[in-house]
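S.K.: Sharing a structure below in structure tokens format, with a few things to ask.
The values are calculated or read from the model by the stated rules, or taken from the named source; none is laboratory data. It should be emphasised that the depicted structure is a prediction, and the values quoted were computed from it without experimental measurement. Positions of Cβ are generated from backbone atoms using ideal geometry, with glycine treated the same way; all protein chains shown enter the neighbour counts. Areas reflect the complete protein model, heavy atoms only, side chains present, ligands, DNA and RNA absent. Shrake-Rupley method; radii C 1.70, N 1.55, O 1.52, S 1.80 Å.
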Amino acid sequence: MEAQSLRHLQCMAHDSRHGGTAVNKIDKLPREISWFLMYQSEESRQKQVNHVWVVFDKNKTSEENIWKLCEYIKNHDQYPLEECYAVFISNERKMIPIWKQQTRPGNGPVIWDYHVVLLHVSSGGQSFIYDLDTVLPFPCPFDTYVEDAFKSDDDIHPQFRRKFRVIRADLYLKNFASDRSHMKDSSGNWKEPPPPYPCIETGDCKMNLNDFISMDPEVGWGAVYTLSEFAHRFGSKNY
């Protein structure tokens, strides 16, 4: 599929992207965990001294955006669906740094609770990432995206290291369900207007989002990888 054939999804109403809103989650962390402690070494911290990091509680539609992107690919039959995967990115603490995001221009990362992208493992030998929230090319060559958006785990404190749940697109379309309850506040009001289409559900389930966000390999669908495992499995470089 040509990149332009999916680019219009970036220009749709707000359900095509999630605009994160900053929340005061930092107060919930131990006091000694300040932004620079994302980096393990003093040298790495000093390099980042002018970069601010923010924790975002996103508008929480990336999982539906990617579901819709999988549906688009299936219906238009321009790529074999078996070449495509939904990729949930998170960790046990739900604090993952990703660089080159639209909500954080400049050199610093955004700290998301979770993020979802589409992986296309092309039969031509090169893999691509479709991220509706990146400032990188859409789609972006896999190795470029990994280097620019994830960088390396070597200097990052273990609690911020990313994990990846990779689910075949056909299984994602068949099994994912969300009642959008996570998009509401404690009073049951929408934090942001929900997508205009009905909730995604299966024949026997209305909500299993947490099974996809979880990085417990014994839960849910697909396979769970560390960053290095993910890069080795789908990349073309020797990391």
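S.K.: Could you count how many residues in the stretch 91-101 are more than 20 Å from Leu136 (Cβ to Cβ) and open to solvent by less than 30 Å² (accessible area, probe 1.4 Å)?
M.R.: Result for the stretch 91-101: 2.
S.K.: Right, something else. So, in the stretch 197-229, how many residues would count as being part of a helix (DSSP H, G or I), in contact with a Lys or Arg (Cβ under 8 Å, 6 or more places away or on another chain) and closer than 18 Å to Val146 by Cβ?
M.R.: Number satisfying all stated conditions: 1.
S.K.: Answer yes or no: is there a residue in the stretch 178-196 that is surrounded by fewer than 17 Cβ atoms within 10 Å (Cβ to Cβ) and assigned to a helix (DSSP H, G or I).
M.R.: Scanning the stretch 178-196 turns up at least one residue that is surrounded by fewer than 17 Cβ atoms within 10 Å (Cβ to Cβ) and assigned to a helix (DSSP H, G or I).
S.K.: Hey, can you tell me all the residues within the stretch 202-228 that are open to solvent by 60 Å² or more (accessible area, probe 1.4 Å) and touching a strand residue (DSSP E or B) at 6+ places or on another chain (Cβ under 8 Å)?
M.R.: Asp216, Pro217, Trp221
S.K.: Shifting gears a bit: Are there strands (runs of 3 or more DSSP E) fully within the stretch 60-118 with at least 3 residues that are closer than 16 Å to Phe176 by Cα? List them.
M.R.: By residue number, 84-90.
S.K.: Quick one: which of Asp143, Asp155, Asp133 is acidic (Asp, Glu), in contact (Cβ under 8 Å) with a residue 24 or more places away in the chain and closer than 20 Å to Glu64 by Cα?
M.R.: Within the list Asp143, Asp155, Asp133, the selection yields Asp133.
S.K.: Next question, about the same structure. Out of (1) open to solvent by less than 50 Å² (accessible area, probe 1.4 Å); (2) over 30 Å from Cys199 (Cα atoms); (3) without any contact (Cβ under 8 Å) to a residue 60 or more places away in the chain, what's the single condition that is false for Ser123?
M.R.: Of (1) open to solvent by less than 50 Å² (accessible area, probe 1.4 Å); (2) over 30 Å from Cys199 (Cα atoms); (3) without any contact (Cβ under 8 Å) to a residue 60 or more places away in the chain, only one is false for Ser123: (1).
S.K.: Which residue, of Phe234, Phe212, is of a type in the set (Phe, Trp, Tyr) and within 14 Å of Val116 (Cα to Cα)?
M.R.: Phe212
S.K.: Suppose the filter is open to solvent by less than 50 Å² (accessible area, probe 1.4 Å) and part of a loop (DSSP other than H, G, I, E, B); does Leu132 pass it?
M.R.: yes
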